[in-house]
1. What are the residues in the range 42-68 that are more than 24 Å from Asp141 (Cα to Cα) and open to solvent by less than 60 Å² (accessible area, probe 1.4 Å), if any?
2. Looking at the range 24-40, can you tell me whether even one residue there is more than 30 Å from Val117 (Cα to Cα), among the acidic types (Asp, Glu), open to solvent by 80 Å² or more (accessible area, probe 1.4 Å) and assigned by TED's automatic domain parsing to the domain that holds Ala142?
3. How many residues does the range 76-106 hold that are within 21 Å of Ala126 (Cα to Cα) and at pLDDT below 90?
4. Which ranges mark the strands (runs of 3 or more DSSP E) fully within the range 77-149 that have 3 or more residues being open to solvent by 60 Å² or more (accessible area, probe 1.4 Å) and outside the structural domain of Thr53 (by TED's automatic domain parsing)?
5. Only one of Gly55, Gly20 is small (Gly, Ala, Ser) and more than 13 Å from Val134 (Cα to Cα); which?
Amino acid sequence: MQIAANKVATIAYTLKDDTGSVIDQADKNEPFAFIHGVGNIIPGLESALEGKTAGDQVNVSIEPDQGYGERDDTLMQELTKDMFEGVEDISPGMQFHAQTNQGMSIVTVTQVEGDQVTIDGNHPLAGVTLNFDVDVLEVRDATEEELEHGHAHGAGGHQH
Ligand code: ZN
């Protein structure tokens, strides 16, 4: 069976940036499952996997515009510490959920200087070229329930 719209694909993968550092991975023992064609994964990976079958290996380099987008410096913001009520020891690298004009998103603290806190609302992988090595492990039809929920169930998917 080929990966196509409304199929569930289970994959193992390694994701590296252009320097070869591993950003993320899922091995065969803890694979990742997604419904194809519904935006569960980034567009570049979705199109690279279209038509593949179990046993296929896919190596693909995905530019930011097909990944998590280009960096947008207007999403950097300077705040004062009193905006972080109840949070102790604000330090670079901390992440918070924040309401933005694009909905709920994750902001990362990039700098703390005295009372000034710089946050970055870009996705941590914005502007990064994504190099994927993917092993396609299984392809099957999505169940009605999975399509209703918009995500895969079972091994590598949502457990609920
Ligand atoms: Zn579900």
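1. Listed by number, the residues that qualify are Val60, Ile62, Pro64, Gly67.
2. Going residue by residue through the range 24-40, those that are more than 30 Å from Val117 (Cα to Cα) are 25-40.
Those left that are additionally among the acidic types (Asp, Glu): 27, 30.
Filter once more, so that each one left must be open to solvent by 80 Å² or more (accessible area, probe 1.4 Å): 27, 30.
Retained after the next criterion (residues that are assigned by TED's automatic domain parsing to the domain that holds Ala142): 27, 30.
Yes, some residue in the range 24-40 is more than 30 Å from Val117 (Cα to Cα), among the acidic types (Asp, Glu), open to solvent by 80 Å² or more (accessible area, probe 1.4 Å) and assigned by TED's automatic domain parsing to the domain that holds Ala142.
3. Result for the range 76-106: 11.
4. It comes to 95-100, 103-113.
5. Values: Gly55 fails: more than 13 Å from Val134 (Cα to Cα).
Unique residue meeting the criteria: Gly20.
The values are calculated or read from the model by the stated rules, or taken from the named source; none is laboratory data. Computed from a prediction, not measured in an experiment: that's the story for all the values here. We work out accessible area using only protein heavy atoms, side chains counted, and drop any ligands, DNA or RNA first. Shrake-Rupley method; radii C 1.70, N 1.55, O 1.52, S 1.80 Å.
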